[in-house]
Amino acid sequence: MSTKKKPKLAVWKFASCDGCQLSLLDCEDELLAVAGEVHIANFPEASRAVVRGPYDISLVEGSITTPHDAERIHKIRRVSKSLITIGACATAGGIQSLRNFKDVRDFISIVYASPQFIDTLNKSTAISDHVTVDFELRGCPINKYQLVELINATLNGRKPNIPTYSVCVECKRKGIVCVMVAAGTPCLGPVTQAGCGALCPSYNRGCYSCFGPKETPNTTSLGAWFEHLNVPKDDIVRAFRGFNAYAEPFRKESEAYEK
């Protein structure tokens, strides 16, 4: 009697902190269910055992920052039926994309004692800037339940149930008073995709946009509100240059206030 062959899952790392990979390991009971449906063929964070591709699903964490990585991602794309990027680094260049607004050579000379040995690209860029991506799962780190939902949807050939609305919706559902309206606290919630459960506003803090821009974000309007709250232009630039600094809507808005 033949047994059904499990789809092969691979997890890859580029420039990142490994937090999104750890979110998968943090699934605990849910991870057992995932492991029961797929063959985890390549996941260095969890095991040294490696099964050669091709792979049915590849989860990619991290941004492209070196010439070697720029070549490597193309090799991964060729052996992956479905390639999914996970986290702010892979979907928007990550916090390290702050270097994109300056000359990276200035940082290299400050940080490294022997900068001549450093081989790096001028910018830290998202995976989608280099290869075709089938789905982008945002977050810094990602929401583990969204990851399980995404894997489930991919395996079953359906659209993943991942929200594209703003953090403001999460605030309203939890009965959280708007920190920007009530206290004049700058908050990126109106332009940020939901996924964190409105964590920062729950503690009377403004959203830092860990999950990046929501669908059709009106960053120009939010920037105007920040000005109305007398937020200095330099602070508005910093607000949009966080974990998802090089996501296009945030990049354009920060550059508009930098001029």
Nearest 0.05, what FRET efficiency do PHE107 and LYS75 give at R0 = 22 Å with Cβ-Cβ as r? 0.20
Which one of GLY19, GLY189, GLY157 has the biggest mean-square fluctuation once the chain is modelled by GNM with Cα springs under 10 Å? GLY157
Can you sort PHE14, PHE101, PHE240 so the residue with the fewest Cβ neighbours within 10 Å comes first? PHE101, PHE14, PHE240
Using only the alpha-carbon atoms, how far is helix 67-78 inclined from the longest principal axis of the chain? Give it as 0 to 90 degrees, nearest 10. 50
Using +1 at the Cβ of each Lys and Arg and -1 at the Cβ of each Asp and Glu in the chain, identify which of VAL133, LEU229, PRO54 lies farthest towards the dipole's positive end. PRO54
Straight-line reach check, LYS75, cutoff 22 Å on alpha carbons, 8 or more apart in-chain or any other chain, hits among lysines -> LYS8, LYS13, LYS123
Assigned charges on the beta-carbon of Lys, Arg, Asp, Glu; the chain dipole about Cα centre (debye): 540
Residue with peak Gaussian network fluctuation, the chain [Cα springs, cutoff 10 Å], from CYS27, CYS210, CYS89: CYS27
How much net charge surrounds ILE40 when only the other residues with a Cβ under 12 Å from the Cβ of ILE40 are counted, with Lys and Arg +1 and Asp and Glu -1? -1
Summed over the other residues with a beta carbon less than 13 angstrom from that of VAL167, with K and R at +1 and D and E at -1, the charge totals +4
Given R₀ = 25 Å, what would the calculated FRET efficiency be for THR66 paired with LYS5, taking r from the Cβ atoms and rounding to 0.05? 0.10
Rounded to 5, the percent of DSSP beta bridges in the chain classed as antiparallel: 25
Where does helix 248-258 land angle-wise versus the long Cα axis of the chain, in degrees 0 to 90, nearest 10? 30
Check which residues have an amide H placed less than 5 Å from HIS39's amide H, if you skip close sequence neighbours. LYS8, LEU9
Which of SER82, GLY212, PRO7 sits farthest toward the positive end of the charge dipole of the chain, with +1 on the Cβ of Lys and Arg and -1 on the Cβ of Asp and Glu? PRO7
Normalised radius of gyration for the chain, please: alpha carbon Rg relative to 2.2 N^0.38 Å, two decimal places. 1.08
Taking the Cβ of each residue in LYS172, LYS6 as the centre, tally the other Cβ atoms inside 10 Å and list the residues starting with the fewest. LYS172, LYS6
Name the residue from PRO186, THR120, PRO160 whose Cα lies farthest towards the positive end of the charge dipole of the chain, charges +1 on Cβ of Lys and Arg and -1 on Cβ of Asp and Glu. PRO160
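FYI, it's all coordinate maths here, none of it is from the lab. Worth saying up front: this structure is predicted, and the values here are computed from it rather than measured. All Cβ positions, glycine included, derive from the backbone under ideal geometry; neighbour counts span all protein chains shown.
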